[in-house]
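Beneath this line is the structure, given in structure tokens, with notes to follow.
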Amino acid sequence: MKIEYQETSEDLATRINIHEQYGARNIDDWMLELLLIPKGSRILDVACGAGKQLRAFHNYLDGEAEITGVDISDELLADAAKLNRSLGEKLIIKKLDFNQPFPLENDYYDLLSCCFAIYYAADIPFTIREMHRVLKPGGRLFTSGPMPDNKQLFYDVISEATGKTIPPMPGSSRYSSEILENIRSTFSHVELHRFENPLTFKGVGPFLDYTRASLSEDRKLWSSFFEGADEFEEVMQLISKVASRRLLESEDGLVMTKVVGGIVALK
């Protein structure tokens with residue numbers, strides 16, 4: 001199943017910044033505590049985006065690792081290359097389409113990470129087999145993605161504002177079912193861990209910024225809600241009204257809980 005998706009640098013940065021400003025927990029800290037990666041590891045970050053996880057790995061290991069980031073987006077790879085320059089060219093940055101055979105050797109990496117991306121693969125079993133192939137025996141896959149109850153407030157507000165049913169999301173509809181099942185059928189040992197991070201908005205502005213970035217980023221998934229810039233702005237106005245009313249009715253603000261699964265799989 002091919003899912004049309006193209007993340008932009010601006011939308012990605014907006015969402016990451018909001019997570020960091022308004023969240024109670026840091027997901028990269030959780031990932032690193034879960035994995036306890038030894039120095040000297042060879043790490044491959046698939047769909048590395050602008051390099052958020054690359055930076056986390058580099059800082060955690062004090063640069064004592066071979067860290068490679070790959071992505072299909074030229075825009076995001078340019079951002080990752082800029083990060084690499086700021087780190088003294090300690091990373092390896094390459095272009096890679098995870099829907100095609102990986103141009104990488106067998107049994108090489110100690111850790112392969114793929115954060116918030118694997119559910120956009122056209123052929124999940126193929127992509128997982130390629131990830132398995134390039135890992136060393138005893139190497140680990142770490143992948144993260146939204147669980148079915150992820151950011152429920154976000155969907156509730158949109159549904160109330162538009163009167164429409166939320167379309168199936170590639171992540172929350174596939175991650176803990178189809179993707180987890182395929183990883184279990186390919187790897188020798190698999191664990192599913194759960195991360196919850198409440199984002200608390202005392203004002204409506206940051207929630208609307210997050211919503212705007214998310215709808216824009218995944219706009220092809222929301223085609224039944226809007227077409228073009230004018231309809232998009234109309235939908236945002238409706239969402240703003242509902243979010244503002246809910247904020248007035250709540251003593252705690254708007255609380256949107258990110259609920260993420262982390263799959264750790266051993267080759």
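Every read-out reported here was derived from the displayed coordinates using simple, explicitly stated rules and does not represent laboratory data. In this text, all values refer to a predicted model and were calculated from it rather than measured experimentally. Glycine also receives a Cβ, built like all others from the backbone with ideal geometry; neighbour counts cover every protein chain displayed.
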- With label points built 7 Å along Cα→Cβ from the Cα atoms of Glu75 and Asp252, find their separation and express it in nm. 3.5 nm
- Query: At Asp28 and Lys164, where each label point lies 7 Å from the Cα along Cα→Cβ, what is the point-to-point distance in nanometres?
  - Reply: 3.5 nm
- Before anything else, pin down the relative contact order of the chain: Cα pairs under 8 Å, at least 6 apart, normalised by residue count, whole percent. 24 percent
- Query: Are any of the pairs Lys39/Lys90; Lys82/Lys258; Lys151/Lys202; Lys164/Lys220; Lys151/Lys220; Lys94/Lys136 more than 22 Å apart by Cα-Cα distance, and if so, which?
  - Reply: Lys82/Lys258
- Message: Between Ala122 and Asp209, what's the calculated FRET efficiency when r is the beta-carbon distance and R0 is 25 Å? Round to 0.05.
- Response: 0.20
- Item | Estimated FRET transfer efficiency when R0 is 22 angstrom, pair Ser188-Asn106 (beta carbons, to 0.05) | 0.85
- Query: Given the convex hull over the Cα atoms of the chain, what projected area results after averaging over all orientations, in nm²?
  - Reply: 13.7 nm²
- Restricted to the chain, the DSSP antiparallel beta bridge percent, nearest 5, is 50 percent
- Item | Backbone N within segment 161-175 under 14 Å of label point (7 Å from Lys241 Cα along the Cβ vector) | 161-164
- Message: If I stretch the segment between Glu10 and Lys82 completely, what's the gain in nm (0.36 nm per residue apart, minus their alpha carbon distance), one decimal?
- Response: 24.4 nm
- Query: Which longest uninterrupted range of the chain lacks any GluC sites (Glu not before Pro) assigned by DSSP to a loop state (not H, G, I, E or B) and surrounded by at most 13 other Cβ atoms within 10 Å?
  - Reply: 106-226
- Task: For segment 66-156, state which chymotrypsin sites (Phe, Trp or Tyr not before Pro) are in a DSSP loop and have at most 14 other beta carbons lying within 10 Å of their beta carbon.
- Result: none
- Item | Gaussian network model of the chain, springs between alpha carbon atoms under 10 Å - residue of Val242, Val134, Val255 with greatest fluctuation | Val242
- Hey, what's the per residue convex hull volume over the C-alpha atoms of segment 102-162, in cubic angstrom? 104 Å³
- Message: Just the number: Rg to Rh for segment 116-267, Cα atoms, Kirkwood Rh, two decimals.
- Response: 1.06
